[in-house]
Ligand code: FAD
Ligand code: UDP
């Protein structure tokens, strides 16, 4: 037990960033305490079974993907994988559409079979040329023109962010692939899979494998500061919160998740819509770009987890304004927000004994593999800086 004692590292946040850093540092012989103000580990990637036994993602769908063998190899120490070809749809004009935009979407638009050549010619006429797209509207207009942009992107983005795509960073909508063949996968990365037994099971194995790591849930940073003396702090919470929001609050976007479970009997009535026994909707995720629909998407994660169970569950995502009482799910990809972040990052740079890693502490729209990579790199630096096992606290 290292509780209420002097430790090497206090790590705030038990999500991907905090647990990966904790596992690496404790495996190098350092005494680590990881705290999280939530009652569970895993951060936003937390999953667990609902009342019907269906494994659900509590904070929105978490589709693991990566182009980095180093990151996949590292996580593979704690999980096997269930390969998934992530497929989604969009629902607008009263019907489901193939999405992200691909040749099938074009055929649905024109109402007859077509070819890549015809679609490419059509796009050539529709595209709005920009030398270098400066915002998310220009990114999409430069690839597909007004008709498809307005149908699939404009309304969705305004609903999700309460900002027009032209006021948001180009990288945001550039996340979505656009293809002229029939490849309808949502994501581009080479490795696409979910942890076989879920994220929570993977994190639990990570903690079990960490020789000198204690996890304390339901403990926030203020309480932790009073309980442990530490040599170095690894902070993965919101950076503006750490500095008392002295330059003003960074903007975040929050969400409300509405989970609903269905028994196998209830799902029978949905078979005509889902096209599959035991499912509520035809794909893992259906996006709703229409402004009059209050949610952005409905996720039925059972399509991706491959769980063999008669029941199923869906999650509707309702975007909402953030305030300090709510979870800060998304940093807002806008120039003014990154300028404000840079002021906090400058302060962070002066804190010799604190590392700021993860989506919230670096205020970046990072995916899980990216924060894993960041935590691995930071742990290596800290191990080099604080020396080998011999120099760690006895
Ligand atoms: P988090 O998971 O946010 O963990 C930070 C932890 O710190 C939290 O548990 C929080 O409670 C704790 N904390 C904060 N402040 C304090 C404090 N003061 N005291 C104590 N504890 C504190 N990524 C993908 O790769 N694929 C996806 O499909 C995907 N989908 C997403 C969908 C949604 C709706 C959201 C919001 C994110 C999605 N992400 C996805 C991103 C993914 O969630 C993040 O990359 C990842 O969770 C970041 O891990 P983290 O440890 O940096 O932060
Ligand atoms: N987007 C959109 N229409 C869609 C899907 C995405 O306009 O049907 C835009 C929207 O601005 C969204 C961004 O593309 O925030 C990134 O989408 P992604 O699905 O990657 O969002 P995330 O899963 O991170 O919420």
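Every number here is computed from the coordinates shown, using simple stated rules; none is lab data. Fair warning: this is a prediction, and the values are worked out from it, not measured in the lab.
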So, relative contact order of the range 284-394 in percent, Cα under 8 Å, 6 or more apart, is 15 percent
Relative contact order of the range 264-321 (C-alpha contacts under 8 Å, at least 6 apart) in percent is 30 percent
Checked the range 95-247 against the a/c 1.5 cut and the a/b vs b/c comparison, axes a ≥ b ≥ c from its Cα gyration tensor; verdict prolate
Here the Kirkwood hydrodynamic radius of the range 241-300, Cα-based and in Å, equals 14.7 Å
Over all directions, the range 325-394 yields a Cα convex hull whose mean projected area in nm² is 6.6 nm²
Whole-Å distance linking the alpha carbon centroid of the range 202-251 with that of the range 276-340 is 27 Å
At the level of C-alpha centres, the distance separating the range 18-32 and the range 60-81, in angstrom, is 19 Å
Gyration tensor on Cα atoms of the range 246-394, a ≥ b ≥ c root eigenvalues, a/c under 1.5 rounded, else prolate if a/b beats b/c, else oblate, says oblate
Rounded to the nearest 5, the percent of DSSP beta bridges in the chain running antiparallel is 60 percent
Everything considered on the Cα gyration tensor (a ≥ b ≥ c; rounded for a/c under 1.5, else prolate if a/b is larger than b/c, else oblate), the range 1-122 must be described as prolate
Taking only the Cα positions of the chain, the convex hull volume per residue in Å³ is 149 Å³
Note on the chain: contact order normalised by length, alpha-carbon pairs under 8 Å, 6 or more apart, percent, works out to 27 percent
